[in-house]
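Q: The structure's right below; bear with me while I get my questions together.
The values are calculated or read from the model by the stated rules, or taken from the named source; none is laboratory data. Every value quoted in this text rests on a predicted model; they were computed, and no experiment measured them. A quick note on method: Cβ atoms are made from the backbone with ideal geometry, for glycine too, and the neighbour counts reach across all protein chains shown. Side chains included, ligands, DNA and RNA excluded: accessible areas come from the protein's heavy atoms. Shrake-Rupley method; radii C 1.70, N 1.55, O 1.52, S 1.80 Å.
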Amino acid sequence: MRKTKIAGILLAAATSAGFSAASAAKDTTMSNFSYDYFEARVGISPVTYGVGFSTSIHPNAHIRAEVDTEFESDFDTTAAIGFHAPVNNWADVYGELGLRTMKQRGKYNHDTEFGVEVNLGLRQWLSPQLEVGAEIGHLSISDDDDIFGSVNARFHATELFSIGSQLRFNEAYGDQFIFTTRFKF
């Protein structure tokens, strides 16, 4: 009887400690932004069309896939895995490691080239519906090593829908202004 009571007390204590640790871990790994979305975008100068997809695979990790094209036998695709973590109550830092594939007119002898992309970014709430962000990265493809970056702003019209604009620097299609629509799932 005494062994049963001791075992019961130890089991209760272990369960309580486990739930407490899980709760504490959840509180410290919460993100301030959703990384579960589908995105459609249109680029200006040059005109490009693109789609993107991101989903969380862990409370602090996500995967992302996207493709952009001018519909002139060209494409720019990315498949990446990344982390995201809160900096404070209103900002997240994120980073990604990705496989990048490109085929462009006048570049790479019209062949498809594979490369590696590494990026680091920051997302910040300015108000309950307005988000801003910036990103810097490094792309190594073929014999080229390039630094790229972007700044963006996003208006969250509802919890599940947002519109945004992005200015990309030194990307696959050069410096480009992009309009985006995101659908959270």
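Q: Among the residues of the stretch 115-127, write down those that are of a type outside the set (S, T, N, Q) and in contact (Cβ under 8 Å) with a residue 12 or more places away in the chain.
A: Residues of the stretch 115-127 that are of a type outside the set (S, T, N, Q), as a first pass: 115-118, 120-123, 125-126.
Once the filter is applied, which keeps residues that are of a type outside the set (S, T, N, Q) and in contact (Cβ under 8 Å) with a residue 12 or more places away in the chain, the stretch 115-127 yields Gly115, Val116, Glu117, Val118, Leu120, Gly121, Leu122, Arg123, Trp125.
Q: Another question about this same structure. Go through (1) surrounded by 16 or more Cβ atoms within 10 Å (Cβ to Cβ); (2) at pLDDT below 95 and name the single condition Asn88 misses.
A: Against the list (1) surrounded by 16 or more Cβ atoms within 10 Å (Cβ to Cβ); (2) at pLDDT below 95, Asn88 comes up short only on (1).
Q: Hey, among the residues in the stretch 62-73 that are under 12 Å from Gly50 (Cα atoms) and in a loop (DSSP other than H, G, I, E, B), which one's nearest to the chain's Cα centre (by Cα)?
A: Filtering first and then ranking leaves Glu70.
Q: Separate question: Consider only pairs whose beta carbons are under 6 Å apart and that are at least six residues apart or on different chains; among these, list those whose first residue lies in the stretch 133-145 and is in contact (Cβ under 8 Å) with a residue 12 or more places away in the chain and under 10 Å from Phe114 (Cα atoms) and whose second residue is part of a strand (DSSP E or B) and among the aromatic types (Phe, Trp, Tyr).
A: none
Q: Condition first: among the aliphatic types (A, V, I, L, M) and either within 16 Å of the chain's Cα centre (by Cα) or surrounded by fewer than 13 Cβ atoms within 10 Å (Cβ to Cβ) (or both). Now tell me which residues in the stretch 140-162 satisfy that.
A: Within the stretch 140-162, Ile147, Val151, Ala153, Ala157, Leu160 meet the criteria.
Q: Among the residues of the stretch 120-139, what is the count of those that are within 14 Å of the chain's Cα centre (by Cα), open to solvent by 80 Å² or more (accessible area, probe 1.4 Å) and over 20 Å from Asn170 (Cβ atoms)?
A: So the answer is 0.
Q: Here is a follow-up. Please find, within the stretch 24-46, the residue that is modelled with the lowest pLDDT out of those that are surrounded by 13 or more Cβ atoms within 10 Å (Cβ to Cβ), outside any strand (DSSP E or B) and of a type in the set (Gly, Ala, Ser).
A: Ser31
Q: Return the only residue of Thr77, Thr101, Thr112 being over 24 Å from Phe155 (Cβ atoms), without any contact (Cβ under 8 Å) to a residue 12 or more places away in the chain and either buried (at least 16 other Cβ atoms within 10 Å of the Cβ) or hydroxyl-bearing (Ser, Thr, Tyr) (or both).
A: Answer to the check: Thr112.
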